[in-house]
Amino acid sequence: MSDLHTYKVMQEGDADGKYPRPAPPSTEVSRWFVASFACFVLLILAVILFPVVTKDRGSRRSITLSNMKQLALATMMYTDDNDEHLPPAESWMDVIEPYHKNDRIAHDDSIKDRKDDEYGFAFFEPVSCINPWSVVDQAGVPMLFQSVLMGRNAHSDLSTLPSIPRNGKMNIIAFLDGHAKAFPPTWPEYPITVVIDPSLAKEQEDERQ
């Protein structure tokens, strides 16, 4: 009986009497495992890196907004010293530079691979040399803005606003009252009209006296 049992085991096992080892997993299963692991790693990297990219965009927007506010302030200081008239559009960067004394803020650092002679800010041409106090709705009329024009002393209407904003989904614009704000590329939804009312400037002058 013992010999018969041994014979059956020998027949069911391999030549040396041992049972065969389990077959290795198929190539298809191995590829599926590798692909799943790769996707998992990529997902983890995306979770880690996405906040960094978002933070970088937010940081660049904050820097651009700060620079724009400083340029707007320098422009208003120039205006105060020049009989309440804004600078000429064709030389606005040159004439306000003594008021901020920092050429770096005149360059838009949100421009990727920006060259030293590229600026990316423009003056709103319709308000060149006017008295800002005479403008109706100063808070709604642009003064400076991000532009696709890269030259120094760039000036134009709002048609040169970047259609694809450099700061995530927003363009930075400074207004005649000195404030600056980020807007989506759909702004403005209607043409900006500069309405002049000389009596407003007279009222402002009386208040200062």
field: Restricting the range 66-108 to residues that are among the small types (Gly, Ala, Ser) and touching a residue at least 60 places away in the same chain (Cβ under 8 Å), the residue that is surrounded by the most Cβ atoms within 10 Å (Cβ to Cβ)
entry: Ala72
task: Check Ser163, Ser199 and return the single one that is exposed (fewer than 12 other Cβ atoms within 10 Å of the Cβ), over 27 Å from the mean Cα position of the chain (by Cα) and among the small types (Gly, Ala, Ser).
output: Ser199
query: Considering only residues of the range 166-187 that are buried (at least 21 other Cβ atoms within 10 Å of the Cβ) and not in a strand (DSSP E or B), which is modelled with the highest pLDDT?
result: Leu176
message: Kindly evaluate Leu73 against the criterion of being of a type in the set (A, V, I, L, M, F, W, C), modelled with pLDDT under 95 and in a helix (DSSP H, G or I).
response: no
message: So for the range 138-149 (the condition being closer than 20 Å to Asp94 by Cβ, of a type in the set (Ser, Thr, Tyr), modelled with pLDDT of 95 or more and buried (at least 18 other Cβ atoms within 10 Å of the Cβ)), does at least one residue qualify?
response: yes
- prompt: Quick one: is Ile111 more than 21 Å from Phe183 (Cα to Cα), in contact (Cβ under 8 Å) with a residue 24 or more places away in the chain and either in contact with a strand residue (DSSP E or B) (Cβ under 8 Å, 6 or more places away or on another chain) or part of a loop (DSSP other than H, G, I, E, B) (or both)?
  reply: no
message: Going residue by residue through the range 128-135, is there one that turns out to be assigned to a helix (DSSP H, G or I), under 15 Å from Leu65 (Cβ atoms) and at pLDDT 95 or above?
response: no
- line: Conditions (1) surrounded by fewer than 16 Cβ atoms within 10 Å (Cβ to Cβ); (2) within 21 Å of Leu73 (Cα to Cα) -> Tyr190 fails only (2)
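The values are calculated or read from the model by the stated rules, or taken from the named source; none is laboratory data. Worth saying up front: this structure is predicted, and the values here are computed from it rather than measured. Glycine also receives a Cβ, built like all others from the backbone with ideal geometry; neighbour counts cover every protein chain displayed.
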